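Here the structure comes first, spelled out in structure tokens, and everything after it is commentary.
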Amino acid sequence: MQNLTFGQHADGTWGLAHSAEEATAMGFWAFHVDTLFWAVVLGFSFYFLFGSVARKANSGVPTRFQSAIEIIVEFVDTSVRESFHGTSKFIAPLALTLFVWIFFMNFMDLIPVDWLPWLATQAGVHYQKVVPTTDVNATMGMSLTVFVLILYYSIRIKGVGGFIAELTGQPFASNSLAGKFVFFLPNLLLETIALIAKPVSLGLRLFGNLYAGELIFILIALIFTAGSGFIAAGLSSLFGEHIPAWFWVLATASVFATLWLNLQGKLDNKKTLWLLLVEMLLVGGLAFLGGQLMHFAWAVFHLIIVTLQAFIFMMLTIVYLSMAHEHH
Amino acid sequence: MNINATLILQSIAMMIFVWFCMKFLWPPLLKAMDERRERIAEGLAASDRAEKELEAAKATVDQQIREARDKAGEIVDQASQRHSQIVDQAKDDAIVERNRQVSAAEADISQAANQAREELRSSVANLAVLGASRILEKEVDADTHRELLDKLIAEI
């Protein structure tokens with residue numbers, strides 16, 4: 001899995017990296033185009049989704065969609081009220097944006113891992129990672145912004161002196177000047193570590209959870225591929241060495257179509273079962289079924305992780321900023 | 001995993017989205033929700049009030065119905081009283097009238113009887129005088145025997 005990286009080549013020209021080595025060689029001044037693209041697309045979908053409700057928002061009878069959006073807003077608002085004990089017009093919108101945006105970015109993980117990259121490949125783009133939160137740059141970018149906000153609010157509320165006092169006056173406290181002098185450095189060291197640990201843990205927690213989740217999806221896909229090698233051999237004789245991705249897309253789509261027809265009542269259960277069996281045998285036998293089931297199971301579990309991590313990021317941001325607002 | 005300037009752009013993107021949210025999403029949504037909460041609270045209060053008013057109205061209606069029922073009972077009682085009064089009165093009147101008529105009839109009867117008796121008596125006297133004169137073959141002097149005759153008549 002390689003990000004689509006835009007940066008300066010070794011020869012001085014700017015362009016997209018063609019390999020992982022080239023991307024690394026570009027150094028710091030390079031950009032993951034895919035990460036930024038999806039982050040911005042998802043950010044705008046958050047904005048338009050909530051904006052479509054906000055524009056028409058009134059105190060009359062809400063539509064179902066408006067209610068759904070309002071439940072999320074209410075939930076975030078309650079969380080902020082419970083955890084943040086200052087008055088700020090900024091914290092609640094920040095929390096809402098982080099929660100929904102991160103949830104959307106995480107949610108991209110539940111789209112089968114190779115579909116969108118395959119589409120990108122068809123369009124001539126060879127590297128594509130569609131889940132921005134599996135890119136450490138994205139998560140650290142957000143957590144560092146939170147860090148800057150922590151510093152900003154700490155200094156604005158407590159003043160520079162107050163903030164320095166907070167960094168150097170604890171955890172070892174002393175009333176005498178000599179004691180203060182002695183504890184100055186250990187306190188500064190410990191408090192600085194504690195301070196730096198906030199954004200690092202915040203960003204890496206999100207990244208780690210999502211990256212691991214994606215890896216497990218890939219792992220399941222690999223197991224399933226190995227298991228269905230027999231059928232794959234048969235398919236290879238049909239399609240040549242590489243089975244095109246659209247075949248898998250088609251197969252999955254046909255399975256979903258069958259299930260959908262069953263749900264619509266247009267197919268009875270017996271026919272549905274037979275049809276599913278035939279479809280699965282055709283594209284990968286029981287390994288396919290096993291793979292599908294494992295994917296499904298992990299996707300359900302991952303759905304919890306996706307939501308939970310978005311929530312944790314939001315809550316910790318609120319808590320950190322609340323701490324920045326409080327005097328010790 | 002390369003740390004690169006994506007970090008900075010992501011951070012800028014985040015600030016922009018947060019600013020958008022703070023400026024255009026949060027205030028109208030919260031305003032609408034707060035207004036609705038207020039309206040719902042008002043509606044609930046109004047319904048409570050209406051319920052209380054309904055209770056009061058029901059109590060008034062009950063009271064009025066009870067009063068009306070009492071009044072109706074009173075009227076019926078009065079009517080039946082009056083009815084029996086009228087009936088009694090009529091009965092009394094009838095009795096008085098009957099007695100009056102009976103006594104009048106009795107008076108008529110006794111008068112007629114007396115008259116008949118008088119007539120009978122006088123005719124008996126005449127008959128007696130006539131009979132006596134026939135027997136004696138001579139005229140009985142009516143005046144001379146008046147006293148005797150009257151006694152005779154009274155004895156009849």
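The values are calculated or read from the model by the stated rules, or taken from the named source; none is laboratory data. Bear in mind the structure is a predicted one, so any value in this text is a computation, not a measurement. Cβ sites come from the backbone with ideal geometry, for glycine too, and all protein chains shown count toward neighbours.
Of the residues making up region A:46-76, those that are among the small types (Gly, Ala, Ser), facing chain B (nearest Cβ under 7 Å) and assigned to a helix (DSSP H, G or I) are A:GLY51, A:ALA54. The set of residues from region A:83-139 being away from chain B (no Cβ under 14 Å), of a type in the set (Gly, Ala, Ser) and in a loop (DSSP other than H, G, I, E, B) comprises A:GLY86, A:ALA123, A:GLY124. Among the residues making up region A:30-45, those that are farther than 19 Å from A:HIS126 by Cα and more than 7 Å from chain B (Cβ to nearest Cβ) are A:VAL41, A:LEU42, A:PHE44, A:SER45. Any chance region A:166-180 includes a residue that's exposed (fewer than 14 other Cβ atoms within 10 Å of the Cβ), of a type in the set (A, V, I, L, M) and modelled with pLDDT of 85 or more? Checked against the condition, which is being exposed (fewer than 14 other Cβ atoms within 10 Å of the Cβ), of a type in the set (A, V, I, L, M) and modelled with pLDDT of 85 or more, region A:166-180 yields no hits at all.
For the criterion of being modelled with pLDDT of 80 or more and either closer than 30 Å to B:SER11 by Cα or of a type in the set (Asp, Glu) (or both), A:LEU250 fails.
Among A:LEU204, A:LEU189, A:LEU185, which is the only one that is at pLDDT 85 or above, touching a helix residue (DSSP H, G or I) at 6+ places or on another chain (Cβ under 9 Å), within 30 Å of A:ASN137 (Cα to Cα) and part of a helix (DSSP H, G or I)? Show your work before the answer.
Numbers: A:LEU189 fails: touching a helix residue (DSSP H, G or I) at 6+ places or on another chain (Cβ under 9 Å); A:LEU185 fails: within 30 Å of A:ASN137 (Cα to Cα).
Every option except A:LEU204 fails the conditions.
A quick yes/no check of all residues on (1) crowded, with 16+ Cβ neighbours inside 10 Å; (2) touching a Gly at 6+ places or on another chain (Cβ under 9 Å):
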position	(1), (2)
B:GLN10	yes, yes
B:ALA13	yes, yes
B:PHE17	yes, yes
B:MET22	yes, no
B:TRP26	yes, no
B:LYS31	no, no
B:ILE40	no, no
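Restricting attention to region A:200-215, does a residue exist that is surrounded by fewer than 19 Cβ atoms within 10 Å (Cβ to Cβ), of a type in the set (Lys, Arg) and either within 14 Å of chain B (Cβ to nearest Cβ) or touching a residue at least 24 places away in the same chain (Cβ under 8 Å) (or both)? Yes, region A:200-215 has at least one match.
Specify which of the listed residues (A:PHE230, A:PHE256, A:PHE224) is surrounded by fewer than 14 Cβ atoms within 10 Å (Cβ to Cβ) and at pLDDT below 75.
Working: A:PHE256 fails: at pLDDT below 75; A:PHE224 fails: surrounded by fewer than 14 Cβ atoms within 10 Å (Cβ to Cβ).
From the options A:PHE230, A:PHE256, A:PHE224, the qualifying one is A:PHE230.
One residue stands out among those in region A:5-29 that are touching a helix residue (DSSP H, G or I) at 6+ places or on another chain (Cβ under 7 Å) and within 11 Å of another protein chain (Cβ to nearest Cβ): the one that is surrounded by the most Cβ atoms within 10 Å (Cβ to Cβ), which is A:THR5.
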